[in-house]
Amino acid sequence: MLSEKKIAVLVSGGGTNLQALIDAEKRGELVNGKISLVLSSKPDVYALERAKNNGIKSVVLPRKEFGSANEYSKAIADTLVSEGIDLVVLAGFLTIIDEQVYEKFPNRIINVHPALIPSFCGKGYYGLKVHEAALAKGVKLSGATVHIVTPECDAGPIILQKAVEVKEDDTPETLQRRIMEEAEWKLLPQAVRLFCEDKITVKNDKVYLKGE
């Protein structure tokens, strides 16, 4: 019998991906996982309301109250360790963290990116900017990627990907919404479940999924 994994979700905004995880947990889809903590880099964001409404402990660590990324990362790492967290999920967390967090949680931090990595990823590609770039390039397919987080932005081993059609009349906003609904909100809970069932192995910078 696998022991239950404690999940922390790091947020900076509305928390739509957090809600997808909450809904998946309620449906029993996270299997051995439980969302134990929501950590926000900003106060007064709606993600904190989602946590409160679902009885999930939340912590606010405002980035502006810390003098450097180093100090901020230490505070995050210390908080996650003190809460006994097993898996860290970045869900629209828009603040840079450094190796202090990675070293404490090797191959245990995952992120969802709204494109098919290695396209439209890396520094500067976040939020609507990703979809603006995809439309400017005229791609016919975009999508989402869930990957393990490493110090290099959006360059960690890929866990899951899903393609989504790009339509000729898409705006960045309509494409963003379709990718959320058809890919992000499905892939992220799936990746969390795989982690919590010990089905993810990382070898030579590649992810191997057991029994999938």
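The values are calculated or read from the model by the stated rules, or taken from the named source; none is laboratory data. Predicted model, so just to flag it, every value in this text is computed and none were measured. Using ideal geometry, Cβ is built from the backbone for each residue, glycine included, and neighbour counts are taken over all protein chains shown. Calculation scope for accessible area: heavy atoms of the full protein, side chains included, ligands and nucleic acids excluded. Shrake-Rupley method; radii C 1.70, N 1.55, O 1.52, S 1.80 Å.
What the table below lists for this structure:
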| quantity | calculated |
| --- | --- |
| J(HN,Hα) series, segment 118-131, from Karplus relation 6.51 cos²θ - 1.76 cosθ + 1.60, nearest Hz, glycine and proline x | x, 7, 6, 9, x, 4, x, 9, 8, x, 5, 4, 4, 6 |
| Solvent-accessible heavy-atom area per residue, rounded to whole Å², over the chain at 1.4 Å | 50 Å² |
| Lys pairs, segment 24-71 - Cα-Cα below 18 angstrom, 8 or more residues apart or on other chains | 8 |
| Label corresponding to semi-axes √(5λ) of the Cα gyration tensor in Å when calculated from the structure given, among (i) 25, 20, 18; (ii) 35, 18, 15; (iii) 44, 21, 14 | (i) |
| Whole-percent carbon and sulfur share, accessible surface of the chain, 1.4 Å | 49 percent |
| Span from the segment 1-55 Cα centroid across to the segment 121-158 one, whole angstrom | 23 Å |
| Net charge, residue 36 excluded, C-beta distance under 11 Å - Lys, Arg +1, Asp, Glu -1 | 0 |
| Residue-averaged 222 nm ellipticity for the chain, from DSSP H runs of 4+ at -39500 (n - 2.57), nearest 500 | -9500 deg cm²/dmol |
